[in-house]
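One structure below.
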Amino acid sequence: MGSDQLDAVNGTSGLNPKKWRFFLELYVIMTMEYSSVLLITIRASMAGLCRWALLAIAAVQLVACSENVVEEVVAHTYEPSWRYKCIADEGCERTTHPSSELASNASSLVFNSLDVCRTVCGRFGGLWPRPITAAIGMQTVKIHPNYLRFDLQNVPADALSLMVEMTKLVGPNLLAECDGVVTDMVETPVVVYLNVKSADITLTWSTDEEYMLDVQTKEDQISVHITATTIYGARHALETFAQLVASDRPDFSDQHSCSLLLVSGAKIRDRPTYPYRGLLLDTSRHFIPMEDVLRTIDGMAANKMNVFHWHVTDTHSFPLESTRVPQFTRYGAYSAKEIYSAEEVRKLITYAQVRGVRVVIEIDSPAHAGNGWQWGPEYNLGDLAVCVNQWPWRHLCVQPPCGQLNPANQAVYRVLGDLYKDIVDAVPAPALLHMGGDEVYIECWNTTEEITEYMKQQNYDSSTTEGFIKLWAEFHSKALKAWDEAVEAAGTPKQPVMLWSSELTQAARIAQNLDKERYVIEVWEPVSSPLLHQLIKLGYKTVSIPKDVWYLDRGFWGTTKYNNWRKMYAHTLPRDENFLGGEVAMWTEYIDEQGLDTRIWPRAAAVAERLWSDPTASVYSAEPRMQRQRGRLIKRGLAADAISPAWCSQHDSKCF
Amino acid sequence: MSVSGAQLGVAMKWWGEGVGRSASAQLSRVARMRRALLLLAAAACTAAALLYWRQQSDDAARRPLHALYTGVEPQWSWVCRNLRCERLLASETSTLQSLATCNMLCDSTQLWPQPTGPVSLATAVQPVRAAGFTLQVLASPSRDVSDHLAEAFELMKEDMRQLERTAEPERRAADYGAPRDVLVRVAVNGSADPRMRLDTDESYKLTLRPARNSLVADITAHSFCGARHGFETLSQIVWMDPYAGSLLILEAATVVDAPRFSYRGLLLDTARNFFPTAEILRTIDAMAACKMNTFHWHVSDSQSFPLRLDSAPQLAQHGAYGPGAVYSPDDVRAIVRHARLRGVRVLLEVDAPAHVGRAWAWGPQAGLGALAHCVELEPWAAYCGEPPCGQLNPRNPHVYNLLERIYAEIIQLTEVDDLFHLGGDEVSERCWAQHFNDTDPMELWLEFTRRAMQALERANGGRTPELVLLWSSRLTRSPYLERLDAAHVGVQVWGSSRWPESRAVLDAGFRSVLSHVDAWYLDCGFGSWRDSSDGHCGPYRSWQQMYEHRPWTEEAGSLSSGAGQAWRVEGGAACQWTEQLAPGGLDARVWPRAAALAERLWADRAEGAGADVYLRLDTQRARLLARGVRAAPLWPRWCSHNPHACL
């Protein structure tokens, strides 16, 4: 990235050598002062190339700067151009006449840019998700990302490199507000002082994500003070900081010039309500190219979501490369191109971590496993999965193609163990796995002789459901053992795993089948189901993903109903120490990368605010901020869906 | 591995500490560190090399039996068994066949929309190249038609080139031999006018046969539009075989084809949300791929007026969301030309007298009096169906002068003079009643419609267009329906097919275009964006519902009851209103559902959305993707790979 930008700068801008020198010197000075920068320097440099590396780093800050003088656009006689007025408790309203006809007696509450109006208007401005407390000034100050500096003195050394990566995302996010080009060069320095207490860089549901953010402007110098326990809190603060910036370009403008305005004074204190704020993406029904997955992570970061639940496999396909068991993709991927290589997975995990997102890989089992598991006989391992692609499918699975792992075949656990080892190698410690565990069809196992024979041996009564429940529970305990072995081999402590709710997790059954110290139950029953509360009462850690409200695929098949962002937002969750949070689910039977963004965003953002802030205020008071967040996602390259006619976004409170 | 790993660990630790303490280091220390770093780098390289080597040998030891999947080799091969394509591991078959090729050769034709006349297709294939296609115009009624043919032919070739670009060069050469040239001979006997008109004969005949070392395709048609449909069909028997890395064509084909309905439309609303020109062009590409012929452009509404007209630039100035959300006359001309070469007419609707807004609020300043009433009046629920409100002032003669100028410019821009859309839906009687308490608002509405028709007649050089469409409304119900000019007025019926008034229009013998909200509204099913109600239309309309909706089959019943004349259904249109849609989501919302409607209107076969339709639509979706249209999938990818297992 650095070198590209270096080229871009060299190629296009009229940046004179003097300026270069300035940056060089600046960085040398910083090298003297901050161990942090030295660290990067050393990292990036090879032997005597220190100087060039410095230049490259300078270039990172220098993204797409252009000094070309923009020709003054002469106002066309019939140019539509509107201005926006901040009205207390309502939001931003478009003026009733194009501004060319207005006398220029604009008060401080009238703005050319809708985005700027939103950024300062209302108690929480344009922030999403809403912080706990915020005091945001009405004044703004012009800034340029080139003059953004990060003071990392008070970041513990062990957390430094990750923190540096996190700071690198701020510049591009600011530039995105101007579609990549800030034409107005201002040299006001913006120094972000990061104060992080903990050197711990693990991201779990006990990670402290709280932060404080303080923006002050004094005599042409802007200081931003960020205080957080962990770098993840600090990262969230950086996201909030970026949301205090807006472009001064009017809505639907055709003008080229663009400058960035930062709120000149703000004080924000913030922390999440729930520690688990997730998004599930199914990449088995359709393969979703890695670039689209990464973009989805960008969207999560913009909404302070912190768990990417990757439903990577299912009966349909197995796109996850396992270096230990390459047969999975060879028998399970849609094509050689539709595979997530181990290398890509590692990159994804790092990419997510830098954005405060933990990747939780789900290997669904024992049901929802088929393609990718057919090779057992060929390798003399017997049938690893049964009912695979069997037709007719009606009694054997929830949807074609069918497939369930074969719990009678002990080789299954060895193969699973190898796959788990790959996952432990890939994810940061402490490793967290989602084992799936939903929708087992007894009929599939019941029609497989090998399995009924095995049940006889084990004294499981195959004529009753309970017999199969025992078999099913046995599967999970053996799979958990394989996981524990994989985790132990890597030298990290045992962790609970995640499991979908199912017949096995019914309140009357769960205690004898699943240890509450070892399993976190993800409850996907509809809102009307008592299961979630029952499990919380029983002392199980739970995550909620009510299918009738927070499933993003609903409304396009069968009799299911679509939930718009308002409905998703309106759903509230219990508060309990055993209750971790919730997530939205993007199942991909009827969606692939072509329509992915619009299906997920901005609805997932609505849930993100529910999980982060859990506000008591109505959905209507959130709408102006939601409009802003939708626009922000679009600026950052996510094709978020429209939530109303554009007229409504130009007239807050007029469309209710 | 463990030894080198430990060394590396120690080195890292030392390095970390060193850096930690050097916060106020001198330059000389940096130099020392640099030396240390060199050493460190060397150590790291050694370690990495060692690791890499070990990794390699480990991998080799674990490498499974199949070397087949390494590199870019395809994994699956499809075999046609019992008239269906089955997916097999490539290792299990002797021949490697791609899904695309299997689909083309196994049982079903992959044409969309399905032709209405006799079709025979060869099951043998020949490799071809886009560059190997040449056009020969054997007969053409005009220079204009010849030029259009040449350009449309180039468009077809460009689509093929686009497919060729998806081929991966490292693929194994095909076993299909050297590519053949294709000579396309076209004869148009009929209309000298290349435009899509109400009376355009869109039928065509395509024959393709091998001749020595090449192939010869003959297309005969009675209009340019028919001939370009022939190109479209020809392009559908050409496909990219990903395993061969080459275009293939069926070596012989005969297709005789003509549409069942003459009006096959898609409405896009660019007022609720603005769509850049590129989005519109791409939508027209997709329409052309499905032989749809009418792009119904609902350009303005109460929310915005993005069309800059030379005859009334004030409308866009006061009505557009911003200067970047405006269609200039040049934009419109570009869209019209783009559409024309693809057999699509642009029906530009400036809705009136309701569905107008701020764009019309400049009258008093300009000395023209109030052009519109109730603009952005609140509470909106009292004066219109959705915010903001607004309705033209039917008593202001300047309104009709303006309309005349607008209509003239629309006709001049779109070059469509036999068909016009006046809008005319959802008038709020309450709004007008506030201002004109002396007259029944319905009478005002009738009067408005009559005067707007006169303005249109003047705008069109003294001739009323053959078909002037109005949205169905209270005006198109008895007793007002009888007072409309049945000779020219047609009704676009948007009400539910179950509403009696929707049938009444048909029974009364009005020419009609059907857009039943319960079947062909693409915007339904996304919940309510305004507070008042739970959305004006119910659940999402699936492509199957769109496909299976055949309201005209009820005509027989109405005739036997003696209710009226034979129905005059010109065709139908899918409607994409955009209250909850913006650029970025357009393609996946509209496609492939509008394609389903396209086949309903073109072929209108009695069959519902059965297996054959799934397969062909899945193929058509792949074609749309190849043309850059981001159509949504019909089902999980596995089902495309194993088509019959999901049906």
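Tell me, yes or no, whether segment B:465-472 has at least one residue that is surrounded by fewer than 17 Cβ atoms within 10 Å (Cβ to Cβ), in contact (Cβ under 8 Å) with a residue 60 or more places away in the chain and farther than 30 Å from residue A:561 by Cα. Spell out how you get there, then give the answer.
From segment B:465-472, those surrounded by fewer than 17 Cβ atoms within 10 Å (Cβ to Cβ) are B:466; that's our starting set.
Then keep just the ones that are in contact (Cβ under 8 Å) with a residue 60 or more places away in the chain; that gives B:466.
This time we only want the ones that are farther than 30 Å from residue A:561 by Cα, so: B:466.
Yes, some residue in segment B:465-472 is surrounded by fewer than 17 Cβ atoms within 10 Å (Cβ to Cβ), in contact (Cβ under 8 Å) with a residue 60 or more places away in the chain and farther than 30 Å from residue A:561 by Cα.
With the requirement that a residue be farther than 28 Å from residue B:344 by Cβ, surrounded by fewer than 20 Cβ atoms within 10 Å (Cβ to Cβ) and either of a type in the set (Lys, Arg) or touching a Cys at 6+ places or on another chain (Cβ under 6 Å) (or both), what does segment B:371-416 give you?
Passing the criteria: B:377, B:395.
Yes/no per residue for (1) closer than 21 Å to residue B:297 by Cβ; (2) part of a helix (DSSP H, G or I):
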residue	(1), (2)
B:426	yes, no
B:432	no, yes
B:438	no, no
B:448	no, yes
B:451	no, yes
B:454	no, yes
B:465	yes, no
B:470	yes, no
B:478	no, no
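Which of the residues spanning segment A:177-205 are closer than 25 Å to residue A:299 by Cβ and surrounded by fewer than 20 Cβ atoms within 10 Å (Cβ to Cβ)?
Within segment A:177-205, A:179, A:180, A:181, A:201, A:202, A:204, A:205 meet the criteria.
I'd like the full set of residues that are in contact (Cβ under 8 Å) with a residue 60 or more places away in the chain, among the hydrophobic types (A, V, I, L, M, F, W, C) and farther than 20 Å from residue B:198 by Cβ, limited to segment B:592-606.
B:594, B:595, B:603
Give the residue that is farthest from the other protein chains (Cβ to nearest Cβ), with candidates limited to residues of segment A:627-656 that are touching a strand residue (DSSP E or B) at 6+ places or on another chain (Cβ under 9 Å) and assigned to a loop (DSSP other than H, G, I, E, B).
The qualifying residue farthest from the other protein chains (Cβ to nearest Cβ) is A:652.
Among the listed residues B:239, B:297, which satisfies the condition of being within 30 Å of residue B:581 (Cα to Cα), at pLDDT 95 or above, crowded, with 22+ Cβ neighbours inside 10 Å and among the aromatic types (Phe, Trp, Tyr)? Can you show your working first?
On the way: B:239 fails: within 30 Å of residue B:581 (Cα to Cα).
Going through B:239, B:297 in turn, just one is within 30 Å of residue B:581 (Cα to Cα), at pLDDT 95 or above, crowded, with 22+ Cβ neighbours inside 10 Å and among the aromatic types (Phe, Trp, Tyr): B:297.
Could you please give the count of residues in segment B:304-326 that are within 14 Å of residue B:274 (Cβ to Cβ) and either among the small types (Gly, Ala, Ser) or within 19 Å of the chain's Cα centre (by Cα) (or both)?
Let us first name the residues in segment B:304-326 that are within 14 Å of residue B:274 (Cβ to Cβ), namely B:304-308, B:316, B:319-326.
Next cut, either among the small types (Gly, Ala, Ser) or within 19 Å of the chain's Cα centre (by Cα) (or both) only: B:304, B:316, B:319-320, B:322, B:324-325.
Selection size over segment B:304-326: 7.
Anything in segment B:79-97 that is within 23 Å of residue B:246 (Cβ to Cβ) and either within 34 Å of the chain's Cα centre (by Cα) or touching a residue at least 24 places away in the same chain (Cβ under 8 Å) (or both)? List them, or say none. Don't jump to the end; show me each part of the working.
Of the residues in segment B:79-97, the ones within 23 Å of residue B:246 (Cβ to Cβ) are B:79-80, B:85, B:87-88, B:90, B:93-97.
Scanning segment B:79-97 gives B:79, B:80, B:85, B:87, B:96, B:97.
Please enumerate the residues belonging to segment A:521-540 that are crowded, with 22+ Cβ neighbours inside 10 Å and not in a loop (DSSP other than H, G, I, E, B).
Taking segment A:521-540 first, the residues crowded, with 22+ Cβ neighbours inside 10 Å are A:521-524, A:532, A:535, A:540.
If the condition is that a residue be crowded, with 22+ Cβ neighbours inside 10 Å and not in a loop (DSSP other than H, G, I, E, B), then A:521, A:522, A:523, A:532, A:535 are the ones that fit.
May I ask you to say which residue of B:620, B:580 is part of a loop (DSSP other than H, G, I, E, B) and buried (at least 22 other Cβ atoms within 10 Å of the Cβ)? Walk me through how you get there before you give the answer.
On the way: B:620 fails: part of a loop (DSSP other than H, G, I, E, B).
Step by step, each of B:620, B:580 is checked, and only B:580 is part of a loop (DSSP other than H, G, I, E, B) and buried (at least 22 other Cβ atoms within 10 Å of the Cβ).
Give just the number: which of (1) surrounded by fewer than 22 Cβ atoms within 10 Å (Cβ to Cβ); (2) farther than 29 Å from residue A:612 by Cβ does residue A:320 not satisfy?
Looking at each condition in turn, residue A:320 falls short on (1).
Residues are listed down the side, and each one gets a yes or a no for (1) under 21 Å from the mean Cα position of the chain (by Cα); (2) part of a loop (DSSP other than H, G, I, E, B); (3) within 14 Å of chain B (Cβ to nearest Cβ):
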{"site": "A:374", "(1), (2), (3)": "no, yes, yes"}
{"site": "A:382", "(1), (2), (3)": "no, yes, no"}
{"site": "A:392", "(1), (2), (3)": "no, yes, yes"}
{"site": "A:398", "(1), (2), (3)": "no, yes, yes"}
{"site": "A:415", "(1), (2), (3)": "no, no, yes"}
{"site": "A:420", "(1), (2), (3)": "no, no, no"}
{"site": "A:430", "(1), (2), (3)": "yes, yes, no"}
{"site": "A:434", "(1), (2), (3)": "yes, no, no"}
{"site": "A:439", "(1), (2), (3)": "no, yes, no"}
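Taking segment B:158-179 only, how many residues are modelled with pLDDT under 95 and either basic (Lys, Arg) or exposed (fewer than 14 other Cβ atoms within 10 Å of the Cβ) (or both)?
Matching residues across segment B:158-179 total 11.
Just give me the residues in segment B:206-222 being more than 16 Å from residue B:238 (Cα to Cα) and at pLDDT 95 or above, in sequence order.
Applying the first criterion (more than 16 Å from residue B:238 (Cα to Cα)) to segment B:206-222 yields B:211-213, B:220-222.
Listed by number, the residues that qualify are B:220, B:221, B:222.
Any idea which of A:440, A:386, A:398, A:412 is within 25 Å of residue A:470 (Cα to Cα), surrounded by fewer than 19 Cβ atoms within 10 Å (Cβ to Cβ) and hydrophobic (A, V, I, L, M, F, W, C)?
Values: A:440 fails: surrounded by fewer than 19 Cβ atoms within 10 Å (Cβ to Cβ); A:386 fails: surrounded by fewer than 19 Cβ atoms within 10 Å (Cβ to Cβ); A:412 fails: surrounded by fewer than 19 Cβ atoms within 10 Å (Cβ to Cβ).
Being within 25 Å of residue A:470 (Cα to Cα), surrounded by fewer than 19 Cβ atoms within 10 Å (Cβ to Cβ) and hydrophobic (A, V, I, L, M, F, W, C) holds for just one of A:440, A:386, A:398, A:412, which is A:398.
Six or more apart or on different chains, Cβ under 8 Å: which pairs go from a residue in segment A:526-542 that's in the same structural domain as residue A:574 (by TED's automatic domain parsing) and farther than 18 Å from residue A:276 by Cβ to one that's surrounded by fewer than 15 Cβ atoms within 10 Å (Cβ to Cβ) and of a type outside the set (Lys, Arg)? Could you list them?
A:530/A:507; A:534/A:507; A:538/A:507; A:538/A:511
Does residue A:291 fit the bill of being within 13 Å of another protein chain (Cβ to nearest Cβ), more than 19 Å from residue A:438 (Cα to Cα) and either out of contact with any Leu (no Cβ under 6 Å at 6 or more places or on another chain) or not in a loop (DSSP other than H, G, I, E, B) (or both)? Before the answer, list the steps.
Values: within 13 Å of another protein chain (Cβ to nearest Cβ): no; more than 19 Å from residue A:438 (Cα to Cα): yes; either out of contact with any Leu (no Cβ under 6 Å at 6 or more places or on another chain) or not in a loop (DSSP other than H, G, I, E, B) (or both): yes.
Answer is no for this residue.
With the condition kept exactly as written, say whether any residue in segment B:571-591 is more than 14 Å from chain A (Cβ to nearest Cβ), touching a Cys at 6+ places or on another chain (Cβ under 8 Å) and either among the hydroxyl-bearing types (Ser, Thr, Tyr) or in contact (Cβ under 8 Å) with a residue 40 or more places away in the chain (or both). Lay out the reasoning, then the answer.
Step one: of segment B:571-591, the residues more than 14 Å from chain A (Cβ to nearest Cβ) are B:571-575.
Going one step further and asking which of them are touching a Cys at 6+ places or on another chain (Cβ under 8 Å), we end up with none.
So far as segment B:571-591 goes, no, none of its residues is more than 14 Å from chain A (Cβ to nearest Cβ), touching a Cys at 6+ places or on another chain (Cβ under 8 Å) and either among the hydroxyl-bearing types (Ser, Thr, Tyr) or in contact (Cβ under 8 Å) with a residue 40 or more places away in the chain (or both).
Which residue pairs have Cβ atoms closer than 7 Å, lie 6 or more positions apart in sequence or on different chains, and pair a first residue in segment A:569-592 that is within 14 Å of chain B (Cβ to nearest Cβ) with a second residue that is of a type in the set (D, E, K, R) and in a loop (DSSP other than H, G, I, E, B)?
Every condition considered, the pairs that remain are A:586/A:553; A:587/A:285; A:587/A:553; A:588/A:285; A:589/A:285; A:589/A:553; A:590/A:553; A:591/A:553.
Failed condition for residue B:589, given (1) part of a loop (DSSP other than H, G, I, E, B); (2) within 13 Å of the chain's Cα centre (by Cα), with all others met?
So residue B:589 meets the others, but not (1).
Give me the residue from segment B:319-331 that is in a helix (DSSP H, G or I) and touching a Lys or Arg at 6+ places or on another chain (Cβ under 9 Å) and, out of that set, nearest to the other protein chains (Cβ to nearest Cβ). Before the answer, list the steps.
Initial filter on segment B:319-331 (in a helix (DSSP H, G or I)): B:319, B:329-331.
Keeping just the survivors that are touching a Lys or Arg at 6+ places or on another chain (Cβ under 9 Å) gives B:319, B:329, B:331.
Values: B:319: 7, B:329: 13, B:331: 12 Å.
My answer is B:319.
Check A:348, A:320 and return the single one that is more than 28 Å from residue A:209 (Cβ to Cβ) and among the aliphatic types (A, V, I, L, M). First the steps, then the outcome.
Working: A:348 fails: more than 28 Å from residue A:209 (Cβ to Cβ).
Result of the check over A:348, A:320: A:320.
The values are calculated or read from the model by the stated rules, or taken from the named source; none is laboratory data. Bear in mind the structure is a predicted one, so any value in this text is a computation, not a measurement. We place every Cβ from the backbone using ideal geometry, glycine too, and count neighbours over all the protein chains shown.
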